[in-house]
Ligand SMILES: C[S@@+](CC[C@H](N)C(=O)[O-])C[C@H]1O[C@@H](n2cnc3c(N)ncnc32)[C@H](O)[C@@H]1O
């Protein structure tokens, strides 16, 4: 009987853990080399001051943008990937201008950044849109790999890569919607 409970317990954990991870964000899939190069071209044109990769994975994009001279932070929920990313930055001598730390993207304030890059998953794009619109300053850019936001219109699309700009109008719309909800 005890063995049966153990098996049921393990099966539940095996189901619950992946479901929880998926509800938080995307599984780990690194951005392809060609998409990453496309992003570098876009970033060079837009010249952000400070970038954040929301869900940094193994630090591929953090390393790439830091190598091109940009200041970038990565936030990643999976501790194994965080360690891999940190080792990667140390190996390439990039720890002065780039960081990767463990954290949940829903729990950090991204207001100090003027560019967000992300490779998320379709079921969280609406919630992410709300976070970006409420925390980013007007003029900030968002680069999304593959997945589109439900209510934002990209200013540019190149293959799988979409670029968005947060405008004062978007922020005002959100404030209006929030105050109407409160009323
Ligand atoms: C599709 S991968 C993208 C990795 C990297 N940005 C790239 O483009 O190569 C998404 C990453 O987001 C991480 N992630 C998922 N939910 C998260 C959350 N709530 N907070 C922080 N990271 C999260 C996953 O562990 C995964 O490594």
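Figures for the structure shown
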quantity: Any chance residue 144 is surrounded by fewer than 20 Cβ atoms within 10 Å (Cβ to Cβ) and part of a strand (DSSP E or B); calculated: no
quantity: Of residues in region 104-137 being in a loop (DSSP other than H, G, I, E, B), out of contact with any strand residue (DSSP E or B) (no Cβ under 9 Å at 6 or more places or on another chain) and more than 10 Å from the ligand (Cβ to nearest atom), the one farthest from residue 49 (Cα to Cα); calculated: 109
quantity: Qualifying positions in region 37-49 - touching a strand residue (DSSP E or B) at 6+ places or on another chain (Cβ under 9 Å) and either in a strand (DSSP E or B) or surrounded by 13 or more Cβ atoms within 10 Å (Cβ to Cβ) (or both); calculated: 38, 39, 42, 43, 46, 48
quantity: Hey, residue 82 within 11 Å of the ligand (Cβ to nearest atom) and either closer than 23 Å to residue 149 by Cα or in a loop (DSSP other than H, G, I, E, B) (or both) or not; calculated: no
quantity: Residue in region 164-180 that is closer than 24 Å to residue 40 by Cα, surrounded by fewer than 15 Cβ atoms within 10 Å (Cβ to Cβ), in contact with a helix residue (DSSP H, G or I) (Cβ under 9 Å, 6 or more places away or on another chain) and modelled with pLDDT of 95 or more present; calculated: no
quantity: Single residue of 130, 59 found to be on the phi > 0 side of the Ramachandran plot and surrounded by 14 or more Cβ atoms within 10 Å (Cβ to Cβ); calculated: 59
quantity: Matching entry among 72, 42, 52 (being more than 9 Å from the ligand (Cβ to nearest atom) and closer than 16 Å to residue 26 by Cβ); calculated: 52
quantity: In region 80-94, the residues that are surrounded by fewer than 13 Cβ atoms within 10 Å (Cβ to Cβ) and within 20 Å of the chain's Cα centre (by Cα); calculated: 80
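The values are calculated or read from the model by the stated rules, or taken from the named source; none is laboratory data. The model shown is predicted, which means the values in this text are computed figures rather than measured ones. Every residue, glycine among them, receives a Cβ derived from its backbone with ideal geometry; neighbour counts consider all protein chains shown.
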